[in-house]
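The values are calculated or read from the model by the stated rules, or taken from the named source; none is laboratory data. Because the structure is a prediction, the values reported are computed rather than measured. Don't worry about glycine lacking a Cβ; one is built from the backbone with ideal geometry, like all the others, and counts go over all protein chains shown.
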Amino acid sequence: MAQNVFDTLEERGYFSQATHRDEIYELLSKPGVSFYIGFDPTADSLHVGHFVQMMVMSHMQKAGHRPIALMGGGTGMIGDPSGRTDMRQMMTVETIDHNVECFKKQMGKVVDFSDGKAIIVNNADWLRDLNYIEFLREVGAHFSVNKMLTAECYKQRLEKGLSFLEFNYMLMQGYDFYYLHENYGCNLEFGGDDQWSNILAGMELVRRKKGDSVYGLTFTLLTNSEGKKMGKTAKGAVWLDPEKTPVYDFYQYWRNVDDADVIKCMKLLTFIDMDEINTYAKLEGSAINEAKKRLAYEVTKIIHGQEQADIAKRTAEEIFESASGRSADMKTTEITADELKGELQLADVLVKAGLMKSKGEGRRMIAQHGVYLNDAVVEDQYYVLTESDFDAEGEAIVRKGKKTYHKIKLAQ
């Protein structure tokens, strides 16, 4: 008998809270359950924080259940106050619709949307054209303001000011659950821990209007061992779009996670069998690097495909594990002979290569002995490149800190 997917998700550490644990376990014991997870299109790419939700959908789908990926084309026009201390920036309809299309393409890499095995819906289809008076009568009448104000997502905003616009968000997300239950037979909502209040609101609305029992589950947010959200770098969020976070940078992010986080990430973000993960969990000291390499490869393969994962893995091995410290696939910036003749400072090259935001920042990094040229620390913050810095192939290697390598190539 196949394992209940509830056990699978619990063993891998996804679950945080359940509204009705026993009932949900029983519900998931047989295939065919329609469930939904919402995604607010606040950017034109998903990021690693969404990846956990995509993996939940995939595990559920593999167990024979039907994911409904709900795009917040309507709720995105309001903005979820959960976890926020300020009001979200208002977006145009065109921007929201564009972001929704970007999300659809990225989700297809993890979830199978063919033949109705999973569906994507956009709450813009039923929220944007709502008659407000009718909505207040049909939905608003079932919500207690007193109860809403006790919700965590609102309590933390009351001190600084909660707009009436945002106050409507819970009603709209609650209505989403009701609409999906009515039209798609959806009986289960998943969401991050910060969505608990909104999930309860939707369950209550379905119960009051239909008398039906629906359920909710929250999963843990992707955090490190210190409880801070993962997926942030000095350059910003780690995106699933390779135009925003290049594949090699994506690979390196997972290759460099803290020792304390690697097993948790393996469980949440890969399909590696639990027996194998438990073997990795026994590794100590420098041997943990083998687990990190496997994590980086598997996550990159899921999001960007095996070919790109192979290139990223090979590039990292050639740079960090070979004697040459370089790779044909490493990031490269070209400079011309004319630029070189024009007293080109290393700080200028750092900016051109995207390693620094400004020339001043580059000089400060050099002065702090944080920049290397061909494995030698650079001490002069005004260092000027010359032909002698390049090898016979016209290449030089710049390193920022311990782990960021970049090839500078002299154009022929």
Which of the residues belonging to region 325-369 are in contact (Cβ under 8 Å) with a residue 40 or more places away in the chain, of a type in the set (Gly, Ala, Ser) and in a helix (DSSP H, G or I)?
Ala337
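Might you let me know whether region 29-40 holds any residue that is assigned to a loop (DSSP other than H, G, I, E, B), crowded, with 16+ Cβ neighbours inside 10 Å, of a type in the set (D, E, K, R) and out of contact with any Lys or Arg (no Cβ under 8 Å at 6 or more places or on another chain)? Spell out how you get there, then give the answer.
Taking region 29-40 and keeping what is assigned to a loop (DSSP other than H, G, I, E, B), we get 29-33, 40.
Still in the running and crowded, with 16+ Cβ neighbours inside 10 Å: 33, 40.
Subsequent filtering for residues that are of a type in the set (D, E, K, R) retains 40.
Within this subset, residues satisfying the condition of being out of contact with any Lys or Arg (no Cβ under 8 Å at 6 or more places or on another chain) are 40.
The answer is yes, given that some residue of region 29-40 is assigned to a loop (DSSP other than H, G, I, E, B), crowded, with 16+ Cβ neighbours inside 10 Å, of a type in the set (D, E, K, R) and out of contact with any Lys or Arg (no Cβ under 8 Å at 6 or more places or on another chain).
Within region 114-128, how many residues turn out to be in a loop (DSSP other than H, G, I, E, B) and modelled with pLDDT of 85 or more? Before the answer, list the steps.
Residues of region 114-128 in a loop (DSSP other than H, G, I, E, B): 117-118, 123, 128.
With the extra rule that they be modelled with pLDDT of 85 or more, the set shrinks to 117-118, 123.
The number of residues fulfilling the criteria is 3.
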Cβ-Cβ below 8 Å, separation at least six or inter-chain, first residue in region 371-393 and at positive phi, second surrounded by 11 or more Cβ atoms within 10 Å (Cβ to Cβ): which pairs?
Asn374/Asp389; Asn374/Ala396; Asn374/Ile397; Asp375/Gly325; Asp375/Ile397; Asp375/Arg399
Here are some conditions: (1) modelled with pLDDT under 95; (2) more than 17 Å from Glu298 (Cα to Cα). Tyr215 meets all but one. Which one does it not meet?
(1)
What is the one condition in (1) assigned to a loop (DSSP other than H, G, I, E, B); (2) surrounded by fewer than 16 Cβ atoms within 10 Å (Cβ to Cβ); (3) out of contact with any His (no Cβ under 8 Å at 6 or more places or on another chain) that Pro242 does not satisfy?
(3)
Look through region 255-306, keep the residues that are in a loop (DSSP other than H, G, I, E, B) and surrounded by fewer than 12 Cβ atoms within 10 Å (Cβ to Cβ), and return whichever of them is nearest to the chain's Cα centre (by Cα).
Asp273
Filter region 129-166 for residues that are of a type in the set (Val, Ile, Thr) and farther than 17 Å from Arg208 by Cα; the one that is modelled with the lowest pLDDT is Thr150
Please specify each residue of region 168-189 satisfying the condition of being surrounded by 23 or more Cβ atoms within 10 Å (Cβ to Cβ) and part of a strand (DSSP E or B).
Cys186, Leu188, Glu189
Can you tell me which of (1) surrounded by 14 or more Cβ atoms within 10 Å (Cβ to Cβ); (2) under 22 Å from Leu410 (Cα atoms); (3) polar (S, T, N, Q) is the one Thr336 doesn't meet?
(1)
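Whether any residue in region 196-211 is part of a strand (DSSP E or B), at pLDDT 90 or above and surrounded by 21 or more Cβ atoms within 10 Å (Cβ to Cβ) is what I want to check. First the steps, then the outcome.
At the first step, the residues of region 196-211 found to be part of a strand (DSSP E or B) are none.
The answer is no, given that none of the residues of region 196-211 is part of a strand (DSSP E or B), at pLDDT 90 or above and surrounded by 21 or more Cβ atoms within 10 Å (Cβ to Cβ).
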Return the only residue of Asp212, Asp261 being in contact (Cβ under 8 Å) with a residue 12 or more places away in the chain, out of contact with any Lys or Arg (no Cβ under 8 Å at 6 or more places or on another chain) and more than 30 Å from Met170 (Cα to Cα).
Asp261
(1) in a helix (DSSP H, G or I); (2) in contact (Cβ under 8 Å) with a residue 40 or more places away in the chain all hold for Lys109 apart from (1)
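Condition check ((1) under 24 Å from Gly191 (Cβ atoms); (2) of a type outside the set (D, E, K, R)) across all residues:
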site: Ser213; (1), (2): yes, yes
site: Leu217; (1), (2): yes, yes
site: Pro242; (1), (2): no, yes
site: Asp249; (1), (2): no, no
site: Ile272; (1), (2): no, yes
site: Ala309; (1), (2): no, yes
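Here is a list: Asp329, Asp310, Asp348. Which entry is at pLDDT 85 or above and within 30 Å of Leu295 (Cβ to Cβ)?
Numbers: Asp329 fails: at pLDDT 85 or above; Asp348 fails: within 30 Å of Leu295 (Cβ to Cβ).
Only one candidate passes the filter, namely Asp310.
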